[in-house]
Amino acid sequence: MEEIITMAHGSGGESTSRLISEVFAAEFSNEYLAGMEDASVVPVSSKIAMTTDSFVVTPYEYPGGNIGRLSVCGTVNDLLTSGAVPKYLTAGFILEEGLPISSLIRVVRSMAETAREAGVIIVTGDTKVIESASKDGGVMINTAGVGVITENAHCYKATQVKPGDVIILSGTLGEHHATILSRRMGLDNESLESDNAPLIDIVHNLEESGAAVHAIRDVTRGGLATVLNEYARAAGVQIVIKQDAIPVKKAVKDFCGILGLDPLYMGNEGKMTIAVDPADATKALEIIRGSKYGADAAIIGSVIAVPEEEKPALLLETSLGGNRIMGPLYGEGLPRIC
């Protein structure tokens, strides 16, 4: 096997075949991929949910993960928020000439390991090679995900958020954003690590508990403030969150203090916000904290009706006792974060 990706790997010939068999098939092997057909036929016995995403994160390897793990987490978490049970993924790889084969193997292996953790199967894929502007090359991944909607599936929609609901955050904010930015700045901060994670266990345990969950969203680009603004506008409510209740790790707080960043607008790749009926809030919090990747979950606020002559909004109750209106992210966030 060659040491780096060359244009020959995208030719469809012998080099392409070797790349597929020695790198992709070696890690993704399953009954659906085995035939190496142009399409895979998979069993589905009910309604399905579908999603698609593209991943272009720079750098493509970072503390706590890489673009392979990220691509599975991002796709699986999007399916979970619709109430689906994630089942199948596709994987399209766009490889830049000069990419070390050893780096590609690490990405593919991580992707395969994360798919097994999430209980999904990568059933078909594609590979293209493009010229690179740098000698080191790079990798981008496009995915599509399919999840099954069972007869007893819960429906999670922002329009179902209602006054009285409690807002739960599944963990600490800002790790992925801070990790990617610190890497780009050449900072070697061992205490920063991405939170990229598939949140299967949290959602499954909530569903099994019967807790009255009204809405779930994963908190990615745009951050928590943007997601909660989407809740407020979709449901026609106001959401009040408490600054002191929002969990943020010390390393992220310190990083934000240096650069003037706000964790409420920072991207995450392993966090969810959940709107739940107040009668089940304590129960739901305990369930999330007992689930994988949910140990730092916290109740951060609640939903209220919109007062007269006011509009749907997100309000932050500050440490000093005042209230601030927090709009969605305005302008350009950190690019190529996922």
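Computed quantities for the displayed model
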read-out: Using distinct alpha-carbon pairs, which all enter the 1/r mean, Kirkwood radius of region 158-325 in Å; value: 16.2 Å
read-out: Cα-Cα over 28 Å, subset of Lys47/Lys128; Lys242/Lys292; Lys157/Lys292; Lys87/Lys135; Lys135/Lys253; value: Lys47/Lys128; Lys87/Lys135; Lys135/Lys253
read-out: The chain - Debye-derived log10 I(q)/I(0), Cα point model, q = 0.08, 0.09, 0.11, 0.12 Å⁻¹; value: -0.40, -0.51, -0.74, -0.87
read-out: Label point at Ala234 placed 7 Å out along Cα→Cβ; residues across region 264-283 whose backbone nitrogen lies under 13 Å; value: 273-276
read-out: Two-decimal ratio, region 1-86, of alpha-carbon radius of gyration to 2.2 N^0.38 Å; value: 1.35
read-out: Electrostatic dipole magnitude of the chain [Cβ: Lys, Arg +1; Asp, Glu -1; Cα centre; debye, to 20]; value: 560 debye
read-out: Net length gained if the chain between Arg106 and Ser46 were fully extended (0.36 nm per residue, minus Cα distance); value: 18.1 nm
read-out: Alpha-carbon gyration tensor eigenvalues x 5, square-rooted, for region 7-149, Å; value: 25, 18, 12
read-out: HN-Hα J in Hz across region 72-85 - Karplus 6.51, -1.76, 1.60, θ = phi - 60°, x for Gly and Pro; value: 6, 4, x, 6, 4, 5, 5, 5, 4, 5, 8, x, 8, 9
read-out: Inter-label distance, nm, simple model (7 Å from Cα along the C-beta direction), Ser54/Thr16; value: 2.0 nm
read-out: Nonlocal amide H pairs with Arg217, under 5 Å, H built at 1.01 Å; value: Thr273
read-out: Förster radius 30 Å - calculated FRET efficiency between Met36 and His204 (Cβ-Cβ, nearest 0.05); value: 0.35
read-out: Within region 1-110, GluC sites (Glu not before Pro) in DSSP loop having at most 16 other beta-carbon neighbours inside 10 Å; value: Glu2, Glu3, Glu31, Glu37
read-out: Inter-probe distance in nm under a simple model that places probes 7 Å from Cα toward Cβ, at Thr282 and Ala144; value: 4.7 nm
read-out: Contour excess over end-to-end distance, with Cα ends at Ser134 and Arg289 and 0.36 nm allotted per residue; value: 51.4 nm
read-out: Relative contact order (%) - the chain, alpha-carbon pairs under 8 angstrom, separation at least six; value: 22 percent
read-out: Residue list for region 216-243, given a label point 7 angstrom along the Cα-to-Cβ vector of Asp262 and an amide N cut-off under 18 Å; value: 219-233, 238-243
read-out: Simple spin-label estimate for Ala305 and Lys253 in nanometres, 7 Å along Cα-Cβ; value: 3.7 nm
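Here, each number is a calculation from the coordinates, and none is a lab measurement. Nothing here was measured: the structure is a model prediction, and the numbers come from that model. Glycine gets a Cβ as well: all are built from the backbone with ideal geometry, and neighbour counts include every protein chain shown.
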